[in-house]
Each structure stands twice: as structure tokens, then as C-alpha cells.
1. Find how much the distance from Ser312 to Asn327 grows on full extension, using 0.36 nm per residue of separation minus their present alpha carbon separation; answer in nm with one decimal.
2. Full extension from Asn914 to Ser381: what is 0.36 nm times the residue separation minus their Cα-Cα distance, to one decimal in nm?
3. Among rounded, prolate and oblate, which fits the range 410-497 when a ≥ b ≥ c are the square roots of the eigenvalues of its C-alpha gyration tensor, a/c under 1.5 means rounded, and a/b larger than b/c means prolate?
4. Using a/c under 1.5 as the rounded threshold, could you call the range 790-904 rounded, prolate or oblate? The axes a ≥ b ≥ c are square roots of the C-alpha gyration tensor eigenvalues, and prolate needs a/b larger than b/c, oblate otherwise.
5. Could you work out Rg/(2.2 N^0.38 Å) for the range 322-436, with Rg from alpha carbons only?
6. Pop a pseudo-label 7 angstrom from the Cα along the beta-carbon direction at both Gln169 and Asn223 and give the gap in nm to one decimal.
7. Straight-line reach from Lys763: which aspartates and glutamates have a Cα under 12 Å away, not including same-chain ones fewer than 8 places off?
8. Rank-order 172-181, 577-586 by packing density, defined as the average count of other C-beta atoms within 10 Å over each peptide's residues, highest first.
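Derivation of every value follows stated rules applied to the coordinates shown; laboratory data play no part. From a predicted model like this one, the values you see are computed outputs, not experimental measurements. Every residue, glycine as well, gets a Cβ built from its backbone with ideal geometry; the counts of neighbours run over all protein chains shown.
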Amino acid sequence: MIRPLPIVYLFVLLISLVYGSTRLDNYSYFNLSISGTAFNTSTSVTFIAKSTYIGYDLLMSQFTDSGRYSVSNLDSLPTNSVLPIYGYKDLTGTEFSDMKTYQIYTYLIQSSRLIKCNLYESTTQQSTCQLVPLTGSGGSWYYIAISPTGKMIWTFSVSNSVYTVAAMQLNSDGSMPTTFTVYNSMLSTAYGEIPNELVPDFSQNIIFFSTVLGGVGRLYSFNSDTMSLNPNVTLSNRYSSAVVVSHSLQRVYICSSYSGNKVYIEARDYSFNSVFTNKVVYTFSDTGPTPLCKKGTIDDFQGQIFFYLTMSGTGSTGGNILSVDTNGNNAQVFPIQTDNAIFYPSEMKVFNSPPDHRNNTLTFMINMKLHAIKYTSPCGSDCNGNGYCQNLQCQCNPNYSGIYCETFNTPTSPILTSVSSIAICSASEITISGSNLLNGVVTVGESSCTVSSSTTSQLTCTIPTIPMTNSASGASYIVSVKNPNTNEIGSSSFFYSLPSSLSVTQSQYTLTFTGTNIPDCSVDYSLSVNGVTTVASMTSKQSTSIKFDLLKTAASGPLIVSSTVYTFPAIQFNLKPIITSISPSILYPTTSQMVVVNGYFFGSASTVNQGSYSTTGIYSNNVLKFSSASTGFQDLTITVTVSGVKSDPISYTYVSPTYTSSSFSEDATLGSVATIVGQNMGTNGSLISVAFGANSGVMYSFTGSGNQSTITVLIPRGTVSGEIQVNVNYQLGFSFYMNMVPKISQITPKPSVSGDSVEIQGKFLKNIILQYTKPELNIKNNITTCSITDQYNEKIICTLPSGTGSFLLQAISPSTINYQEVSSSLFQFEYKSPTITAVSPLKVYFNSQTTFTISGSNFGNIGLIVSILNNNDCVVNGTSLTSSSLECKWNSPVSSDTLKSLNFTIEVDTLEGNYSSLIDFGYHCPIGNNQNECSNHGICDFSSGKCQCTDDYTGEDCSTPPSSTNNSSGTGNTDNTGNATGNTDNTAGGNTTNETNTSTSTTSSTTGSHENGNSVSSSTILSLNFYFGFIAILYTIM
């Protein structure tokens, strides 16, 4: 935005700004920050940046970019600081020839188009600018002038030395029309070289410019209204360039240089009559660069002209500012460092600071630097600081006189510089400031003002309390102070401090109007509310506030505070409704009720909001009613809105929900579920929460019919039997007690028959009684010493009693005064099955009874059956039974050629254990008369059950001593080779002792024959004894 800061603050903090011996000593410059792609600070570029101003904003364009900087903030920046950019546009095309402003818009001109941009927009895009092509106008080097009424005029070259003019009328919003007029009639005269700029005085409808044609400088003008060319005039100097116009003097000043180092000023009136010509105002060194006049401006108030001079020639690095008065005198020059002698400003700007015109600044932009000179006036001695310079004449401050305000005059006449004001009907004093006021007699209007104190510079007096005529209309009154000694009178004006516009606030049914200078004229104020004056009564009145209390029937509309002395402007005000109570204040969530709302400032258009429920109230006889919501719980507040203003909320409550019933169930999918039935629980299950102790249940379903609702809640893990709280609509609805039904789902490990600790898994196992039952034995035990092992009460450790077989377990949650006992389903489990780890003996005789010792675990006497070879034929010796061993007797089979092992099965209380063992089966040998096997005179062959007699004993049981041995048949012979040649008979039993050969033929051996033919040699018996002994040893080892 444009910042209209007073120029009095401009450059207050600039470095080096100290008054010097010349008018231009106080100089500084500021670098410009840049944005965009075409900003260039190089000193070697050939194009010149263009600039113009809107208020205190500098608008600058270099090549194809335009930026905006604030000049008003230079007072806070030190010298050489970077002046920030506040907005810019990225534009395309070629170098701009000129730029000017109108309203807040910037207008730039190129060889092919006009561009209008708003540099106060935040966007940097060219697309927000307006572009008007200049097709058909031809030429280049355009210069713009824009009148205060929005007429834009520009010149352009048609050929190297021929120029013409075009114009358009800008629209009221600053936009450009798409068409414009080219004034070809102005082509009748060749203009010569390129003009520097158009210099207008739109108050006189005239625009000036100068050129050089054929080595002769000329000054031109044309009428900006009729767009007609005026007669031109030949100037005194050839190189005429910069033109400045004084609107107050209606003069044109032309700066030129054509003879070496001299600068000339020529002045003419608007009709081109000469004021002075060819006046040398400044001479530079003969050996230095040559000055060229490029741009100029004027402080038309003071009568001081400024020209910018470039310095052409070797050694030049900058330019100069030339200052001269409007008479062409009092010239001064100040050097400017620009680092490039060809650069010069496209526009120079003077900022004045009324009312004293003593803080004046010249600004211009060159080479990305804003240069600033705080200059003094061209009047002599700058009016000695006791006045200001206007049109080269000092205007002296009071009590000063002389050509240069050098004389101080001691005053005697009262001088009034200020008069304070007071409120209407105020008995306060007024203060008059100025000079020569001591003992003055004061009159205000037609009334005397009683003086209470006075000094030379200040006087106080009291005016009458009763207001003077027209005081409420803001009229002024003459204040005069008479010097009683000289009767000289000084005067000024007095105004009552009119009341400010009132502001109003509402607190309940009281309105407070606040302002300043509220008249206190011993009269009361009345308040008109929407045209009605009977609904308000004043309760207090002060100089800054008035309060009124309103009746219930007051309505929104214009508020007018008035008295017989002063009437305040109307204030449009919407009263805030006030709710004092409602009845009933306890509502049902699903049943609509008629509710009466008591309060103030309701009306027929009252909207009642109960939470998200909204309805139009029924207003009658100052009573507002509405039907409450029946769709479930709402926010627990009620408000009333009238004319867009909402009341403060009033709270209400709902009928407390009540408990009807509850049940517990287990669902295969959902798990443990509590079903709760209650009254007045609303219609929205999301507003209901169920707390199982410290745990929250998960709402699964909500159904309702009328005031009764049923909710299904998933019971969280870790819940224990006890109180359950149901919160409805974020407050406690009701609570009840529930005994959680325990559940047994798994037991590990199986207990031994001696009894063990087991882990029981399930649900709700805290504080349960574990009931152990063995129905077939009428055993029922309660186990109360179980311990919880997890945080969810789903695992317990219990010690089970000794037993066998299967048994039943049931978890019982006992009853309390709040709920009945509940129990889990029966869980059938069993003890460990019997296990056989070893049996003995491992050598068993056929056709005999063997007593087996069976070792293992979990043996018991209930239903005890021991089977061998799947026959229940091993009779248990009851006295031998322990949990880990027993003895039983078994009758082995008579014989078997295949039996090599035995399968043992033990069954205890229907539970079985199996075992298989290799068994060495054999036969008993015959028992002799001495009751010994083989009569102790032979070796028993276990596998065959036959005796191998020793010591020449014979017989089946080796009971026949050697003396009784004979060959009864006498028909067989046995040779020594072991080959039987006949049958050898054993007279004791007929058992064949050598059955190698069973042939019936009889063969006699000539060698080695025994006498009896059937005896065995002692060496043979020893060999057999050794053999069978070795076999017995091997068997024992095996």
C-alpha cells in the first residue's frame, strides 16, 4: 500500500546529514534490493533504468522487470543500506522507454506495447498485467504523460527525426482501452533529435518538450486537450535538453550546454516569450569532462530548480546535481557518484514538508541506487531558520521580520496559538496557549470566561455550565483575549468537544453505552429501542458511559440515546437473548416434551437449539416454548438465537437411565458377552460405555424400543466378578453386579496317581472354588488354594488329590450378597496312565507258573488288571502292589517254537500301559529221586528240557549210577568215529543218547567197540559237561 508518512521524518537518521555551507551538503544513497531475472547492477549496461513515484513509493523498471520500494522508510535506514523490495513483476520484451503512474497503477511503454501493472499485488506474474499492442503506431522511443483525469499521452518516433503523438482515456478503474488515437496532423513539423521527456502542466492543458533540429535547439508545446501543436521557438543554445516547468510562475526552464564547460539556463513563459536567455549559471574546469543536462525538477514552492548533469569525457565516473533559483541565480553544484558517467535518472522527485517547509528532500534513482539530498532553501541565509522560503522570499515566523527574518520583534498583542475544548455542559476550565496572555480578559462567544490563572504564555478560565447556542451542532465560537493595558485583542476559535459516537455492550438485560464527552446537563437520557421508548430506563450516567435496563419485551433494532441537549446517532444493535430458566429441566432422550424457556429478548423468530437439534420456538405472551428432541441424547445445553445472535447456553439434564436386567453368555465367535437391558438409555450406542472395573467393554450392538434399550457388550479380558458401571451420555447411568461365569478350557499336565500341581487355563478364574469329582467313587472335594498366574485371570495353579483314572473338574464362582453362584461346565480329565519300565525274570519255563515283578509308575488298585499276551491271566499279589511295582503269577504255555517275547498290559481304572520284553523260554529237565533236576548228576539242556548226565550216570533224570548201566538189546554197536552202526538202547528209559544215525542196520566195529555196546566214554561225558556249561554261561551273559 502507499505509505503517506510525513516527509518531516524522512532521512532523520541518515549518516552525514549535517547542515553545511551549501544547500546540497546533506547527501546519502541507498542500494536497491532486486528480484527477477533482468535486474542488473552492472555499470557496463547500455540501457538506463526508469523510475517514477506513487506517494512515498519508488517504482523502478530496469529492462524487463519492475519493482516497488518504499521511500518513506529511509528515516530508519543508515547510509548504503539495502532498500528492500516490496513487490515486483517479471515482464517480457525489450527495454522500457518510459514509465508513469496513475492512481495505484504503473504504466510502462515499449516499442510495441503499453503495459499496465499493479505492483501492490502479491503475485509476480506478467499475466496479471494488462498489455495493449501498439501495432500500427510505428517507431520507437516513447515518452508518457498522464493527466489527473486519466488521459494518457505518449510520443514516439516515426523516423530518425520525425515524431508524432497518440492518446487514450484510461477507464475509471485504471485499465486501458484497447484502442487509441494517433494524431498524424502533428507530423507536419520535423522534431529533430529524440526529445528527452514530456513535461506537462495539465492545469493549463499544455505539454512541453525540446529537441535539436539541424544543430539548433527548439522548444515545442501542444494542447493536451485538443491535441493540437502550438508554435515552436528556436532556443539560444544548440544542445538544449532538460526542461522544467514552474506551474506557479507559468515558466519553462531549459538547461543546455554547448560551449565546453559552461551550463546555460534559458527561461520563457508559456507563450514562449523570453524571461532570460543564454544565462551562464555554472562553469566547470576547462580540463575536466563536459557537462550535459539530462533531467530536471523544481521545488515550485521555494523557487528552486534542480538539474542532473552527466559528465562526458575522460575521467568521469558520475554526474552532478545543479541547483539554481527560478531567476537563474544562486547556482550550486553537488557531485554524485554513479560509477558510470552515461547513466542519469529518468525522473527526479522533490518531497516537501509543510507547514514550515524546512525539511525538503530531492530523490532520484541511478544504477540501482536511490540517491537522496536533504536541501535547504535558496532564500538568503535560509531565512535564518526563523521562517520559510516561498517564491524566493522569506515568510517570517511570528515576531520575526526583515528580508531574511533576521529581526526579532517583542510582541504586545495577545497571540492565541491554541484553545482547549471541553464537553458540553462541563464546568471545566479551558486552557488558552500563546503569548502576551498575562492578565488578559477573555470572552468566549457572547459569554465571559472567568480567568483563574494567567501567565505570558498560558491562561485558564471557566466558561458557563449552560451550553451556548448551537453547541450540539459543533459550531465554533470566537475566543478573544484583550490586553488590559493596551486594549489590543488577540482571537482564535473555541469548539465544544462533541461527544464521540457511542459503542454499546450488553450484560444480561443491561446496555452500557460508552463514549467520550457525553454531555452532563442535569437531564436524563432516554433510549429508543427499535422505535420503542418504553422498554428502557436509565440507571446511571457518567461523562464516559450511560446505562439502561431493558424490559423483556425489548427487540433488536436501532438504538437511539437522546436528551433535550444532545441526540446521539442511531446504533444498529441485535440484542443477545437471555435464558433465565427452563421447565422442565429434566428431559427424556427418546420422548419429546414441551419445554418452556424463560428469559429476555425472545421473539416470534426465535430458533431454539438443543445440542444439534434445532427448531423454531413458539412465542406467545412473552413466553417461548419448544418441543424437545426425541432422537436420543443431545449436548446438555439449550440456546436461543434471535436475529443471528445466540444466547448463552443453559444446562439441563436427562432422566437418569435405569437398570432392568442383564445376562452372561459365551459366543463361539464373539467370546464372553454381557447383555444389558435398561431404560432411558437413548438411541445412540456410541454414547454408552460400559466399565468392567478398570476395563472398558466393547459395544457390539444396540437395539431399542421406546424408552427400553438392549446393549450387547464384549467383556474384556481380565474382568472379575463385581460391579459394572454403565455410563450414558458421558455420565454415570447406572451400575449393577454380575458374577462372571468361569470357564475351563485346558489343564496341563496330567497328574500322577499320587496327586500333582496342574495349570488350569480358561476365563474368569480369579477367586474360584475348584470342585474335584469322581462320581463312581462318590468323591467330591473343593480345592480353594489355587493361585492366579497371569494378569487376565485366565491361568491358575491348583494341586489335585491322588487318584486314578478320569475325574471331573468344575470352576465355581461363589455367591455374594450382590449376585448368585455360577459355575463352569464340567471338565473331564484323567490321571497319568500306568507305565511299565521293567519286568523280571527274563527266563521263563514252559508249562510252569512264573511270578513276575513289574516295575513302573501310576499303578493303582482300582480296576487293576495285568495281562500277558493279551490275556488277563497274570494274577496280582495284592500285598505287593505299590504305585511303582507289583507282583503277579502267570502260567506259561506248555511249549512254543516261536515265542520269544511277552507283551505286558497293565490297566488301572480303565487306563492302560503297555510294555514288551524279550523272554528266554525253555523247559524243566526231569527231577530225580533226590528232588533235584537231573539228580544233580547231569546238566539240564534248557532249550530241550533233557538231562546231559555226568560221571557215567544214566537215565532220563541221571539217577542211575554207573554200576547199573548195560546194553539191554545187545543189537547195536557204536564205533569211535561217532557214526552210528546200530541202535543203542538205554535200559533205564529207552532214551537215545546218540541219535546221530537212526539207521536199523547193525555194523560191527573192529576198533574202539565197547563191551556193552551202549555206554558213553568218560571223555565224551566230560566234553559234554564242558559244552553245556559253556552254553549256560553264554545264556546267563545274554
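1. 2.7 nm
2. Details: separation 533, 0.36 × 533 = 191.88 nm, distance 13.72 nm.
Stretched out fully, the Asn914 to Ser381 stretch lengthens by 178.2 nm.
3. On the way: a/c = 2.09, a/b = 1.88, b/c = 1.11.
Prolate, since a/c reaches 1.5 and a/b exceeds b/c.
4. Values: a/c = 3.80, a/b = 3.60, b/c = 1.05.
Since a/c reaches 1.5 and a/b is larger than b/c, the shape of the range 790-904 is classed as prolate.
5. Working: Rg = 21.3 Å, N = 115, 2.2 N^0.38 = 13.4 Å.
It is 1.60.
6. 1.7 nm
7. Glu666, Asp790, Glu794
8. Values: 172-181: 12.1, 577-586: 15.8.
Taking the mean over residues of other Cβ atoms within 10 Å, the ranking is 577-586, 172-181.
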